[in-house]
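One structure is given here, and the rest of the page talks about it.
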Amino acid sequence: MIQAAIKKLFLPSLLTFKNGKPVKTKEAFERRREELKDILQKEVYGILPPKPAHLRVELTAEETLYLAGFATYRELCFHCEIDGEDATFPVTQIMPKGEGRFPVFVCVNFGTDVVHKYLPLEEIIQRGYGIFVIKYQDVAKDSADFRSGMAKHLCKSRRALSAPGKIAMWAWAAMRVMDYIPLCENVDAEQVAVIGHSRLGKTALFCGAMDERFRYVISNDSGCTGAALSRQKEGESIAQITERFPYWFCPRYLRYAGKEDGMPFDQHFLLSLIAPRHLLIGSAEGDRWAGPENEFLATAAANEAYALYGMQGLVHQNEFPAPDTELDEGDCLYHYRRGTHYLSRRDWNAYMDFIDKKRVK
Ligand code: GTR
């Protein structure tokens with residue numbers, strides 16, 4: 001039934017090179033990966049800005065007895081040298097106390113507080129995870145303003161059809177945190193997850209697709225131009241998203257409004273780039289705007305890439321799951337809960353349960 005539902009969408013083939021040749025091995029998929037990245041950058045999110053010439057991380061504040069003394073809190077300033085200028089954005093790091101190296105989340109979040117409705121910090125720390133929090137608008141405003149913050153350094157002109165949009169910039173900032181992680185003594189650089197909710201779930205997916213250093217890529221309720229296939233999608237369409245938020249994407253993406261069926265890509269391209277790492281997709285039953293079914297279908301469609309690595313990808317029962325189900329048997333997680341558009345404690349715990357399982361292997 002799932003295979004049939006995917007077939008009915010006539011998706012562009014993941015495993016066919018641009019020249020029409022088939023992609024049959026994981027080595028071939030590594031070459032296809034470059035084509036997929038190229039398509040998604042040129043058509044959807046814009047060309048990812050290059051790494052800064054130099055990165056320096058400054059400790060600006062520290063509290064060693066945070067969360068009743070069980071955590072360390074640090075405020076960091078990331079200084080990026082771009083075209084000879086010092087471009088900066090702040091990041092907050094909270095780590096559990098103790099010996100050894102901890103797995104961490106790089107969380108691109110909405111609020112201005114570290115303890116936020118989408119961020120149950122104490123639970124995360126108690127479960128033995130550290131976290132880096134980027135408040136997304138500290139990097140670039142969630143608006144058409146490309147003249148302030150990091151945006152003016154990362155995009156000199158919005159005239160180019162493949163100029164980076166804001167999603168690419170927020171993702172770029174998460175990658176800079178990843179640059180810093182190997183220098184942190186108490187962080188396990190092999191166990192890093194990037195996570196975001198909604199527009200920031202789209203950001204987490206683009207980040208993890210473009211940067212293979214992230215072992216876990218978590219999209220919560222990311223919907224349109226995130227985890228959901230755009231063809232025959234319930235809820236938000238490309239026309240609607242590009243009408244309200246054109247600046248999230250590259251200018252060329254606007255051309256696809258109302259033209260989903262003819263697009264030379266769909267969101268399974270993005271999800272397949274996470275292979276052979278772990279993809280964690282969360283949907284909510286009440287979040288019809290995001291289109292849970294198409295989020296599930298895109299995850300299932302990415303299995304073709306996992307198969308080339310001898311992996312299962314998402315293990316499912318060949319039908320759309322009932323609410324309050326975790327499909328967690330394979331390399332990917334599909335977490336489907338009741339309720340509405342939100343990043344809840346329940347979601348975080350589902351993601352940590354899955355990562356815990358993968359880490360002991
Ligand atoms: C909505 C948008 C969605 C989703 C959401 C959010 O308005 O249509 O694509 O990104 O915002 O980020 O909260």
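A few notes on this one:
- Scanning the stretch 277-294 for residues being closer than 19 Å to Tyr351 by Cβ and not hydroxyl-bearing (Ser, Thr, Tyr) gives a total of 11.
- Among the residues of the stretch 72-85, those that are over 14 Å from Cys184 (Cβ atoms) and either surrounded by 13 or more Cβ atoms within 10 Å (Cβ to Cβ) or in contact with a Gly (Cβ under 7 Å, 6 or more places away or on another chain) (or both) comprise Tyr73, Glu75, Cys77, His79, Cys80, Glu81, Ile82.
- Residue check for Phe206: of a type in the set (Phe, Trp, Tyr), out of contact with any His (no Cβ under 9 Å at 6 or more places or on another chain) and either more than 22 Å from Leu273 (Cβ to Cβ) or modelled with pLDDT under 95 (or both): no
- Of residues in the stretch 156-173 being surrounded by 19 or more Cβ atoms within 10 Å (Cβ to Cβ) and more than 16 Å from the ligand (Cβ to nearest atom), the one farthest from the chain's Cα centre (by Cα): Ala163
- Criterion applied to Pro90, Pro96 was being farther than 30 Å from Tyr256 by Cβ and in contact with an Asp or Glu (Cβ under 6 Å, 6 or more places away or on another chain), and the one residue passing it is Pro90.
- Long-range neighbours under 7 Å by Cβ, at least six apart or interchain, first residue in contact (Cβ under 8 Å) with a residue 60 or more places away in the chain within the stretch 226-250, second of a type in the set (Phe, Trp, Tyr) and surrounded by 18 or more Cβ atoms within 10 Å (Cβ to Cβ): Phe249/Tyr45; Cys250/Tyr45
- The number of residues in the stretch 301-313 being hydrophobic (A, V, I, L, M, F, W, C), under 21 Å from Pro12 (Cα atoms) and more than 17 Å from the chain's Cα centre (by Cα) comes to 4.
- Tyr180 closer than 19 Å to Val91 by Cα, of a type in the set (Ser, Thr, Tyr) and surrounded by fewer than 24 Cβ atoms within 10 Å (Cβ to Cβ): yes
- Selection from the stretch 93-122 of residues that are loosely packed, with under 15 Cβ neighbours inside 10 Å and among the hydroxyl-bearing types (Ser, Thr, Tyr): Thr112
- All positions within the stretch 215-230 that are more than 10 Å from the ligand (Cβ to nearest atom), of a type in the set (Ser, Thr, Tyr) and closer than 19 Å to Phe265 by Cα: Ser230
- Remark: pairs (first residue in the stretch 296-321, within 22 Å of Pro22 (Cβ to Cβ); second residue of a type in the set (Lys, Arg); Cβ separation under 7 Å; 6+ apart in sequence or on different chains) = Leu308/Lys26; Tyr309/Lys26.
- Matching residues, the stretch 48-71, being surrounded by 14 or more Cβ atoms within 10 Å (Cβ to Cβ) and assigned to a strand (DSSP E or B): Leu55, Val57, Tyr66, Ala71
- When residues of the stretch 190-214 are limited to those that are of a type in the set (Lys, Arg) and near the ligand (Cβ under 9 Å from one of its atoms), the one surrounded by the fewest Cβ atoms within 10 Å (Cβ to Cβ): Arg199
- Within the stretch 3-23, the set of residues being exposed (fewer than 13 other Cβ atoms within 10 Å of the Cβ), in contact (Cβ under 8 Å) with a residue 40 or more places away in the chain and of a type in the set (A, V, I, L, M, F, W, C) comprises Phe10 only.
- So Ser230, is it within 20 Å of Leu11 (Cα to Cα) and among the polar types (S, T, N, Q): yes
- Pairing residues of the stretch 195-218 that are touching a residue at least 24 places away in the same chain (Cβ under 8 Å) and among the β-branched types (Val, Ile, Thr) with residues that are assigned to a loop (DSSP other than H, G, I, E, B) and within 16 Å of the ligand (Cβ to nearest atom), at Cβ distances under 9 Å and at least 6 apart in sequence or on separate chains, gives Ile195/Leu343; Thr203/Ser222; Thr203/Gly226.
- If you go through the stretch 215-232 and keep only what is crowded, with 24+ Cβ neighbours inside 10 Å and on the phi < 0 side of the Ramachandran plot, you end up with Tyr216, Val217, Ile218, Ser219, Asn220, Ser222, Cys224, Gly226, Ala227, Ala228, Leu229, Ser230.
The values are calculated or read from the model by the stated rules, or taken from the named source; none is laboratory data. Small disclaimer: the values here were computed from a predicted structure and weren't measured. As a convention, Cβ positions derive from the backbone with ideal geometry for all residues, glycine included, and neighbour counts pool all protein chains shown.
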